[in-house]
Structures are given as structure tokens and as C-alpha cells.
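The structure appears below as C-alpha cells.
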Amino acid sequence: MSAVYDDLGVCTVINAAGTLTRLGGSRMPPEVLAAMAAASQSFVRIEDLQVAAGRFIAAATGAEDGYVTAGAAAGLLLGTAACVAGLDPAAMDRLPDTRGLKNEVVVQRVHRNSYDHAVRTVGIRLVEVGGLGHPTPRPTEPWELAAAITRRTACVLWPVMAAPDALPLTTVTQIAHDHDVPVLVDAAAALPPPENLRRFITEGADLVTFSGGKALRGPQASGILAGRADLIRSVALQHQDMDVLPETWTWRHLLEQGVVAGPPGQGIGRVAKVGREEVVGLVTALQRYLALDHDAERQRLVARARRLASDLAGLRHVTVTALDGPEERFPSVRLDLDEPRLGITAIAAVNALAAGDPIIAVGQGMAPQGSLLLNPFNLDTADEMTTVVRRLREVLTPP
């Protein structure tokens with residue numbers, strides 16, 4: 001399986017860190033790979049393929065329409081562009097110059113994160129609300145959100161993240177819709193549970209974006225954007241190859257119906273194009289995900305986590321905890337290191353695991369606090385599990 005990487009001189013990674021983009025997301029199942037290979041052998045009009053994929057995404061999410069993007073971040077960019085430009089081709093052509101357009105996106109201060117760079121790329125200004133005048137965050141008040149919405153507001157951004165001080169989505173959508181403003185939800189890593197495919201549309205979101213290369217096990221450079229039909233149409237016009245003549249344009253009915261004044265030029269989303277292989281692969285992965293026995297899948301991951309915890313039990317100066325309760329989206333294992341007595345820090349352990357061949361990748365988000373996380377989602381073979389345990393025992397055993 002690693003021959004192609006051997007030829008390139010690149011070390012492979014045993015991924016005990018989860019569905020991280022920097023490691024390649026997740027493994028695609030055979031049926032997804034086969035569908036992508038088959039898709040590559042025929043040509044189609046991308047607009048036709050996206051329309052067909054959109055119907056399937058709409059049925060899966062409960063939205064009016066859907067679209068396949070080049071990842072969830074591309075969905076944020078395209079969704080924001082749609083909220084700013086609507087169906088105005090002149091506005092589409094100007095982006096990211098938003099002077100004179102709706103060029104503000106409201107977001108709760110506790111929801112700010114580095115991924116909102118994709119939203120800012122459109123040329124908008126983020127308007128933060130909540131926690132005003134306080135050194136630490138406090139719960140956002142509904143009136144603060146309402147007061148921040150003006151005629152310049154393109155949309156409200158609501159990312160799915162641990163932020164107990166944030167207004168819930170249902171409150172946000174009610175306030176935004178009272179002002180005729182759409183809500184864009186960043187649900188990149190919100191699967192599982194599978195119910196989340198429909199949750200955000202049900203709670204009033206106008207657009208929601210999911211990663212295709214994480215729990216869905218689709219192509220890493222794919223994502224889902226679902227929502228209002230008019231906004232999805234704007235997304236398509238700002239994303240697809242628009243080197244067309246008005247007289248031969250596949251969608252010239254939009255001209256005849258007066259929906260748009262003319263075909264826009266290459267839009268701001270053109271840099272994030274999606275090939276036919278990714279569209280077909282994403283749809284196939286979504287079909288597979290919908291058909292999964294999710295309870296059985298979770299039990300398999302719980303069993304892997306418990307095996308890791310059992311095999312690592314007994315390490316001196318390391319507390320091993322299986323995090324496999326119903327509140328855990330991904331069953332995992334936490335290793336709490338007594339760093340002074342162990343003689344190695346969690347950060348040093350991460351680096352030591354990364355210095356081997358194969359590289360062992362573990363969750364490092366809690367490393368500054370002295371803990372490592374093991375996510376077994378991508379540990380698909382007994383050999384990988386055994387290698388992870390062996391290397392951890394080597395690195396975490398005092399001399």
C-alpha cells in the first residue's frame with residue numbers, strides 16, 4: 001500500500017490522531033475509490049453533475065438544494081460569496097472588492113476561530129458580538145446580535161464548536177431571519193452523529209457546510225454545502241468554469257427568465273474547483289454513510305479504544321483513560337503524563353513518535369497540559385494498533 005510513497009521517498013504515517021486534514025483525512029472505502037475511477041473515464045458537463053449531486057444532498061440534509069465543494073473551508077468561502085453577491089453577476093465579478101455591497105458578517109466573539117479566514121477571503125469584515133467590555137467571554141445576549149445586524153450585513157456565521165457562552169443556533173436563526181439575513185453554519189467536523197446531517201437545516205440554517213473527507217470517508221478535497229436554492233445557484237455561478245457564450249450557455253434559460261443579466265466571469269470560487277471524480281466520490285461516500293449501521297460502527301470504535309487502553313495499562317507515571325461514553329463523538333484514549341517523574345514531556349513524546357518510520361501521529365491538542373489523545377478511527381488493522389502500542393511503550397518508558 002505504501003509503494004507509491006516509497007517511490008517518492010515519503011514516510012507513511014500510522015494515524016492515531018483522527019481525521020486531520022494535515023494527515024490526509026480518512027481512508028476512502030473501496031466503493032468510493034471505484035466510483036471515482038469510473039467517473040474519470042467519461043466526460044460530463046460539470047453543471048449537470050452538480051445539479052444531480054445537489055438533488056441527492058438536498059434529500060440527505062432536508063435542504064432545498066446542495067452542492068459539492070472542495071472541502072468545508074471552500075464551502076464557507078462560496079457560501080459567504082453567495083450571501084454577498086446573490087444573483088448579481090456584476091457583484092460576482094467584483095469580489096473580493098465589496099465596496100457598496102453587503103460586506104459584513106456577524107459572528108459571536110466566542111465563535112472566532114482560524115477557519116473563518118475562508119469567510120474573510122471574500123472581502124467582508126467580521127463584526128464580533130458578545131462579551132463587550134469584559135476581559136473574559138460572557139454569554140452573548142440576543143439583543144447584541146440583533147443590534148449588530150444592519151443593511152450591510154451579508155450573513156451571520158455560526159460554527160459548530162464547544163462554546164457554552166454562545167447563543168444557540170435556533171436563537172440566532174430566529175433573530176437573523178427577523179432581519180431578512182441568512183445564517184451560514186460551519187459544520188465541517190460535526191459528523192458523527194449522523195443526525196447532524198439534517199439538524200442544522202431543521203434549526204433554520206440557510207447554508208451549512210460539512211467536510212467530505214472526515215467521517216464521511218469521501219475524497220479529502222471534497223465537502224458538502226446544503227441550503228437555500230437561490231444561494232446554491234449563486235454558488236454554482238461563482239464556482240464553475242464560466243468561459244461561455246451567452247448564446248450557447250447551458251443555463252441560458254436564466255437569461256431568458258431574467259434571473260441574471262448575463263453569465264458572470266470566472267468567480268471567486270474558481271480557485272477551489274471540484275472535478276467530476278470528487279463529485280462522484282463524495283456522493284458515493286454520502287450514500288454509504290446513510291446506509292451504515294452507525295450503532296455497530298460506534299461499537300467497533302469503542303472496542304478499538306478499549307483495546308488500546310488495555311494494552312497501554314501499566315505504563316509507569318502514565319494514567320490511561322478510555323473516553324468511550326455516549327457523550328464522546330469519537331471514542332478515544334487519553335494518556336495523562338506525570339512529566340517530571342516520567343522524564344519526558346507530552347510535546348517531546350509527540351516529536352519522538354513523529355521521528356520514527358513509520359511516523360506515529362497522535363492527538364496533540366492537550367500536549368501543553370501534559371496529555372496525549374489517541375483516536376482509533378483510522379487504525380484499521382491489528383498491525384497498526386500493535387505498532388502504536390509498541391512505540392508508545394518505547395517512548396513513554398523511563399530509562
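The values are calculated or read from the model by the stated rules, or taken from the named source; none is laboratory data. The structure presented is a predicted model; accordingly, all values stated were derived computationally and were not measured. With ideal geometry, Cβ positions are generated from the backbone for all residues, glycine too; neighbour counts draw on all protein chains shown.
Collect the residues in segment 1-36 that are more than 18 Å from the chain's Cα centre (by Cα) and among the polar types (S, T, N, Q), keeping them in residue-number order. Of everything in segment 1-36, those that are more than 18 Å from the chain's Cα centre (by Cα) and among the polar types (S, T, N, Q) turn out to be Ser2, Thr12, Asn15.
The condition of being over 21 Å from the mean Cα position of the chain (by Cα) and either touching a residue at least 12 places away in the same chain (Cβ under 8 Å) or surrounded by fewer than 16 Cβ atoms within 10 Å (Cβ to Cβ) (or both) holds for only one of Ala39, Ala73, Ala63, that being Ala39. Restricting segment 182-199 to residues that are without any contact (Cβ under 8 Å) to a residue 60 or more places away in the chain and buried (at least 21 other Cβ atoms within 10 Å of the Cβ) leaves a set whose member that is nearest to the chain's Cα centre (by Cα) is Ala190. For the structure I just gave you, tell me whether Gly213 is under 12 Å from the mean Cα position of the chain (by Cα) and buried (at least 24 other Cβ atoms within 10 Å of the Cβ). Here the answer is yes, as Gly213 does meet what is asked.
The single condition among (1) free of Cβ contacts under 8 Å to residues at least 24 places away in the same chain; (2) in a strand (DSSP E or B) that Asp383 does not satisfy is (2). Sub-6 Å Cβ pairs linking a first residue in segment 84-107 that is closer than 18 Å to Arg270 by Cβ to a second residue that is part of a helix (DSSP H, G or I) and of a type in the set (Val, Ile, Thr), at least 6 apart or interchain, are Leu95/Ile268, ordered by first then second residue. Every condition in (1) touching a residue at least 40 places away in the same chain (Cβ under 8 Å); (2) more than 30 Å from Arg55 (Cβ to Cβ); (3) not in a helix (DSSP H, G or I) holds for Ala305 except the one numbered (3). Would you check if there is a residue in segment 17-35 being buried (at least 18 other Cβ atoms within 10 Å of the Cβ), of a type in the set (Ser, Thr, Tyr) and not in a loop (DSSP other than H, G, I, E, B)? Checked against the condition, which is being buried (at least 18 other Cβ atoms within 10 Å of the Cβ), of a type in the set (Ser, Thr, Tyr) and not in a loop (DSSP other than H, G, I, E, B), segment 17-35 yields no hits at all.
Under the condition of being buried (at least 20 other Cβ atoms within 10 Å of the Cβ), within 18 Å of the chain's Cα centre (by Cα) and more than 15 Å from Val208 (Cα to Cα), the residues counted in segment 144-170 number 0.
Regarding Thr121, is this residue at pLDDT 95 or above, out of contact with any Phe, Trp or Tyr (no Cβ under 9 Å at 6 or more places or on another chain) and closer than 25 Å to Glu203 by Cα? Here the answer is no, as Thr121 does not meet what is asked.
Per-residue answers, yes or no, for (1) part of a helix (DSSP H, G or I); (2) within 25 Å of Ala215 (Cα to Cα); (3) touching a Ser or Thr at 6+ places or on another chain (Cβ under 6 Å):
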| residue | (1), (2), (3) |
| --- | --- |
| Leu315 | no, no, no |
| Thr321 | no, yes, no |
| Asp336 | no, no, yes |
| Val350 | yes, yes, no |
| Ala361 | no, yes, no |
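Evaluated against (1) aliphatic (A, V, I, L, M); (2) farther than 30 Å from Arg45 by Cβ; (3) surrounded by fewer than 20 Cβ atoms within 10 Å (Cβ to Cβ), Ala261 falls short on exactly one condition, (2). The single residue among Phe377, Phe330 that is in contact (Cβ under 8 Å) with a residue 60 or more places away in the chain and not in a helix (DSSP H, G or I) turns out to be Phe330. Residue check: is Thr173 farther than 20 Å from Arg120 by Cα, of a type in the set (Val, Ile, Thr) and crowded, with 21+ Cβ neighbours inside 10 Å? Criteria met by Thr173. Of everything in segment 240-255 that's part of a helix (DSSP H, G or I) and surrounded by 15 or more Cβ atoms within 10 Å (Cβ to Cβ), which residue is farthest from the chain's Cα centre (by Cα)? The extreme case among them is Leu255.
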